[in-house]
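Report on the structure given below.
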There are 2 protein chains.
Amino acid sequence: MQNDALSLTFSALADPTRRAILARLAKGKASVTELAAPFEFSMPAITKHLKVLEKAGLIERSREAQWRPARLQAAPLKDVSEWLERYRTFWESRLDALDAHLKGDRPN
Amino acid sequence: MQNDALSLTFSALADPTRRAILARLAKGKASVTELAAPFEFSMPAITKHLKVLEKAGLIERSREAQWRPARLQAAPLKDVSEWLERYRTFWESRLDALDAHLKGDRPN
């Protein structure tokens, strides 16, 4: 387990339940009970997923109320997006990339 | 360990050495020896990283020669980019996102 920020983010995203939780939070804050509802998981299992997301900075849990709603935090996703940018040329112009590969050059 | 394609991709990216290998391959194909050179890892350790990247479809290893060069395959990164898009509004217009959060609506 790597502990640099980007690795923590990718690791947190490597689970369909955690991605589904983020998709739910994109619609607005939610409690653990609300987040658990669509899944066949126990509350402790959901709480564990929330802790992974929180450690990666992808959610923030409020102290505001007993139900401690979770909120999406997008800053780590922005970092992922910036990391991805350098590879965009590879999928947006595959012929250029292929050409560059054959030449052994960096595509531009 | 989740085995859906997106989880495999995120999991493969959750390691700085594997991301460094991809960055090297963005410059052109390379052999295991070439890929191992910048790192303080044994060849078997690098080979193990390559297997993770290959399983996620992020690289392809050629059968063309004894040195079996590895090449970047960007299709899984395109999938990551498409997955990220739905969250772009959260980091590009934070005030809008905050407003949507407060209203409990999906931001647009």
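Scanning segment B:34-59 for residues that are open to solvent by 90 Å² or more (accessible area, probe 1.4 Å) and closer than 18 Å to B:P76 by Cα gives B:K51, B:K55. If the condition is being among the small types (G, A, S) and modelled with pLDDT under 95, then segment A:80-95 contributes only A:S93. Looking across segment B:25-37, the residues that are assigned to a helix (DSSP H, G or I) and modelled with pLDDT under 95 come down to B:V32, B:T33, B:E34, B:L35, B:A36. The residue list B:L98, B:L77, B:L53 contains one member that is at pLDDT 95 or above and under 29 Å from A:R71 (Cβ atoms), which is B:L77. On the stretch given as segment A:69-84, residues that are in contact (Cβ under 8 Å) with a residue 24 or more places away in the chain and open to solvent by 70 Å² or more (accessible area, probe 1.4 Å) total 1.
Among the candidates A:E64, A:E92, the residue that is among the acidic types (D, E) and within 11 Å of chain B (Cβ to nearest Cβ) is uniquely A:E92. Out of segment B:38-78, which residues are in a helix (DSSP H, G or I) and either among the β-branched types (V, I, T) or in contact with a Leu (Cβ under 8 Å, 6 or more places away or on another chain) (or both)? Across segment B:38-78, the qualifying residues are B:I46, B:T47, B:L50, B:V52, B:L53, B:K55, B:P76, B:L77. Within segment A:14-33, if we keep just the residues that are without any contact (Cβ under 8 Å) to a residue 24 or more places away in the chain and in contact with a helix residue (DSSP H, G or I) (Cβ under 8 Å, 6 or more places away or on another chain), the residue that is surrounded by the most Cβ atoms within 10 Å (Cβ to Cβ) turns out to be A:A14.
The values are calculated or read from the model by the stated rules, or taken from the named source; none is laboratory data. Just so it is clear, the model here is predicted, and its values are computed rather than measured. Counting neighbours? That spans all protein chains shown, and the Cβs are built from the backbone with ideal geometry, glycine included. Just so you know, the surface numbers come from the protein's heavy atoms only, side chains and all, with ligands and any DNA or RNA stripped out. Shrake-Rupley method; radii C 1.70, N 1.55, O 1.52, S 1.80 Å.
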